[in-house]
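Participant: Here it is, the structure, as structure tokens.
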Amino acid sequence: MSQKPSDRLAIEGGAPVRREVLIFGSPDVREAELREVEATLRSGWIGTGPRVARLEEAFRRYIGARYAMALNSCTAGLHLSMIAVGVRPGDEVITTPMTFASTGNAIVHLGATPVFVDCQRETLCIDPQRIAARVNEQTRAIVPVHFAGRAADMTRIQEIARAHSVRIVEDAAHAIETVHQGRKIGVIGDCTAFSFYVTKNVITGEGGMVTTEDPEIADWIKIAGLHGMSRDAWKRYSDEGFRHYEVTFPGFKYNMMDLQAAIGLPQLERVEANLARREQIWRRYTEAFADLPLRIPQDPPPGDRHARHLFVILCELEQLRYDRDWILQALHAEGIGTGVHYRPLHLHPYYRKQFGYREGDFPDAEWIGARTISLPLSSKLSDDDVGDVIAAVHKVLNAAQR
Ligand SMILES: *Cc1c(COP(=O)(O)O)cnc(C)c1O
């Protein structure tokens, strides 16, 4: 039977599902952000100032944390948090290979050794049992990642950390709205680092936030993020009269600007509304993909809340004639942008060369890494956009099926 022209895959010369590529991870920016940015520029105060302070307070309240410190990225937050909890050169830090480069890089920048342990195929998060098997005298910290917005098993991870006097720094780049067993992510570990990068659930362009319950850590990160200059140095140009600053140690240039906070303030006000929209899209995907040769994300256990940051499908390669990368190309040809979260970090050239990691070291992360595709999930997507994604995924996977 001959196929209708529209059934022919765009990658094989057929008509695409949509002409304009649907960008993966496009930010949901509205009028309120434009107004706040303009007001900031007109105010004459663009750098770190009152809007950053407002964003810190709003974020602190949203999380329910004692302290929140704004920085220019989550990477900066991970870096400072690990110094703050006492990671020193030569220490080992346990983390997952199923993460973005910056989790591992921040460990390397401290002169510490990233010790990967494998993750779980169901949750895509680090496997607590494997942490327990690997933790030792050299371990200074554990850095779990709440993958795609699903909480890692913090109850188990906390038990392990306490038993071995190891600190916890959470990579919550995906997890602003996440809850673990009734506890908000951001109040569990010693420090939690969030990201406001352009693809994340709340954006400031570049930006991040660290929360902690520890006043000393909060104080130190605040100072370390701005050259090590004495507290509230930004006030030195304010109308409270001239103040000298003092450098107490050589800190970093990690501060957030008011111009960035101006984007973040209205974003944070819409955080729950945007999550509700992504939950709708999530439900449509879940229903639409039930019969395809895919694994789709399972809901977290009762008591947890998923931040719905990434909708990750895992291709059942055994049932397909093509590999994951071909499917990515075919989806792109149909006009659907995608992401890959992640090719496991231990297999990147630097980590292989420097730490001797090899293929086969973490079979579950590698299994996920060969199959994973992230579909568009922005709250900006229209119902038609979502329909296009569903149509393209059906078209490509039906054609690719053995
Ligand atoms: C985005 C991301 C980061 C880095 O965030 P930045 O704000 O860009 O530094 C770190 N970890 C994970 C898991 C991420 O997805």
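The values are calculated or read from the model by the stated rules, or taken from the named source; none is laboratory data. Treat the numbers as computed from the prediction; the structure is a model and nothing was measured. So basically every Cβ, Gly included, is an ideal-geometry build from the backbone, and we count neighbours across all protein chains shown.
Participant: Are there any pairs, at least 6 apart or on different chains, whose C-beta atoms fall under 6 Å, with the first in the stretch 147-174 and of a type in the set (Val, Ile, Thr) and the second within 10 Å of the ligand (Cβ to nearest atom) and modelled with pLDDT of 95 or more, and if so, which?
Facilitator: VAL169/VAL143
Participant: Select, from THR192, THR199, the only residue that is part of a loop (DSSP other than H, G, I, E, B) and either within 16 Å of the ligand (Cβ to nearest atom) or β-branched (Val, Ile, Thr) (or both).
Facilitator: Details: THR192 fails: part of a loop (DSSP other than H, G, I, E, B).
The match here is THR199.
Participant: Here is a check on your reading of the model: is ARG284 in contact (Cβ under 8 Å) with a residue 12 or more places away in the chain, over 18 Å from the mean Cα position of the chain (by Cα) and outside any strand (DSSP E or B)? First the steps, then the outcome.
Facilitator: Working: in contact (Cβ under 8 Å) with a residue 12 or more places away in the chain: yes; over 18 Å from the mean Cα position of the chain (by Cα): yes; outside any strand (DSSP E or B): yes.
For ARG284, the condition - in contact (Cβ under 8 Å) with a residue 12 or more places away in the chain, over 18 Å from the mean Cα position of the chain (by Cα) and outside any strand (DSSP E or B) - is met.
Participant: Then there's this: Does ARG140 fit the bill of being surrounded by 18 or more Cβ atoms within 10 Å (Cβ to Cβ) and over 19 Å from ASN255 (Cα atoms)?
Facilitator: Yes, satisfied.
Participant: Test of understanding: among GLY25, GLY90, GLY44, which residue is in contact with a Ser or Thr (Cβ under 7 Å, 6 or more places away or on another chain) and at positive phi?
Facilitator: After ruling out the rest, the residue left standing is GLY25.
Participant: What residue, among those in the stretch 202-219 that are surrounded by fewer than 24 Cβ atoms within 10 Å (Cβ to Cβ) and in a loop (DSSP other than H, G, I, E, B), is nearest to the ligand (Cβ to nearest atom)?
Facilitator: Looking at residues that are surrounded by fewer than 24 Cβ atoms within 10 Å (Cβ to Cβ) and in a loop (DSSP other than H, G, I, E, B), I get GLU206.
Participant: Pick from the stretch 162-188 the residues that are part of a loop (DSSP other than H, G, I, E, B) and of a type in the set (A, V, I, L, M, F, W, C): which of them is nearest to the ligand (Cβ to nearest atom)? Spell out the reasoning first.
Facilitator: Initial filter on the stretch 162-188 (part of a loop (DSSP other than H, G, I, E, B)): 164-166, 172-178, 181-182, 185-188.
Narrowing further to those that are of a type in the set (A, V, I, L, M, F, W, C): 166, 172-173, 175-176, 185, 187-188.
Values: VAL166: 20, ALA172: 8, ALA173: 3, ALA175: 9, ILE176: 12, ILE185: 13, VAL187: 19, ILE188: 17 Å.
The residue in question is ALA173.
Participant: Determine the pairs where a residue that is under 16 Å from HIS309 (Cα atoms), located within the stretch 19-32, has a partner that is aliphatic (A, V, I, L, M) with Cβ atoms under 7 Å apart, the partner being 6 or more residues away or on another chain.
Facilitator: Close Cβ pairs satisfying both conditions: PRO27/VAL198; PRO27/ILE203.
Participant: ARG295 fails exactly one of the following numbered conditions: (1) farther than 30 Å from VAL37 by Cα; (2) surrounded by 18 or more Cβ atoms within 10 Å (Cβ to Cβ). What is the number of that condition?
Facilitator: (2)
Participant: Which of the residues spanning the stretch 336-360 are part of a loop (DSSP other than H, G, I, E, B), surrounded by fewer than 19 Cβ atoms within 10 Å (Cβ to Cβ), touching a residue at least 24 places away in the same chain (Cβ under 8 Å) and not basic (Lys, Arg)?
Facilitator: From the stretch 336-360, those part of a loop (DSSP other than H, G, I, E, B) are 337-338, 340-344, 348, 356-360; that's our starting set.
So of that shortlist, the ones also surrounded by fewer than 19 Cβ atoms within 10 Å (Cβ to Cβ) come out as 337, 340, 343, 348, 356, 358-360.
Subset that is touching a residue at least 24 places away in the same chain (Cβ under 8 Å): 337, 340, 343, 348.
Hits for the stretch 336-360 are GLY337, VAL340, HIS348.
Participant: Please enumerate the residues belonging to the stretch 251-288 that are within 29 Å of HIS394 (Cβ to Cβ) and touching a Phe, Trp or Tyr at 6+ places or on another chain (Cβ under 7 Å).
Facilitator: Within the stretch 251-288, TRP282, TYR285 qualify.
Participant: While we're looking at this one, here's another question. Find the helices (runs of 4 or more DSSP H) located wholly in the stretch 43-116 whose residues include 2 or more that are within 14 Å of the ligand (Cβ to nearest atom) and surrounded by fewer than 24 Cβ atoms within 10 Å (Cβ to Cβ), and list them. Please lay out each step first, then the result.
Facilitator: Values: elements: 50-63, 74-84, 101-109.
Those helices (runs of 4 or more DSSP H) span 101-109.
Participant: Among the residues in the stretch 290-308, are any in a helix (DSSP H, G or I) and in contact with a helix residue (DSSP H, G or I) (Cβ under 7 Å, 6 or more places away or on another chain)? Break it down stepwise before answering.
Facilitator: Here is the first cut: in the stretch 290-308, the residues in a helix (DSSP H, G or I) are none.
No.
Participant: Across the stretch 149-172, what is the total count of residues that are within 11 Å of CYS125 (Cα to Cα) and crowded, with 24+ Cβ neighbours inside 10 Å?
Facilitator: Filtering the stretch 149-172 for residues within 11 Å of CYS125 (Cα to Cα) gives 149-154.
Then drop every residue that is not crowded, with 24+ Cβ neighbours inside 10 Å, which leaves 149-152.
Total satisfying the criteria: 4.
Participant: Next question. Looking only at the stretch 126-137, count every residue that is surrounded by 21 or more Cβ atoms within 10 Å (Cβ to Cβ) and either in contact with a strand residue (DSSP E or B) (Cβ under 7 Å, 6 or more places away or on another chain) or hydrophobic (A, V, I, L, M, F, W, C) (or both) and tell me the total. Before you say what the answer is, go through the steps one by one.
Facilitator: Taking the stretch 126-137 as the starting set, the residues that turn out to be surrounded by 21 or more Cβ atoms within 10 Å (Cβ to Cβ) are 126-128, 131.
Retained after the next criterion (residues that are either in contact with a strand residue (DSSP E or B) (Cβ under 7 Å, 6 or more places away or on another chain) or hydrophobic (A, V, I, L, M, F, W, C) (or both)): 126-127, 131.
So the answer is 3.
Participant: Follow-up. In the set GLU177, GLU216, which member is free of Cβ contacts under 8 Å to residues at least 40 places away in the same chain, outside the structural domain of LEU377 (by TED's automatic domain parsing) and at negative phi? Give the derivation first.
Facilitator: Values: GLU177 fails: free of Cβ contacts under 8 Å to residues at least 40 places away in the same chain.
Only one candidate qualifies: GLU216.
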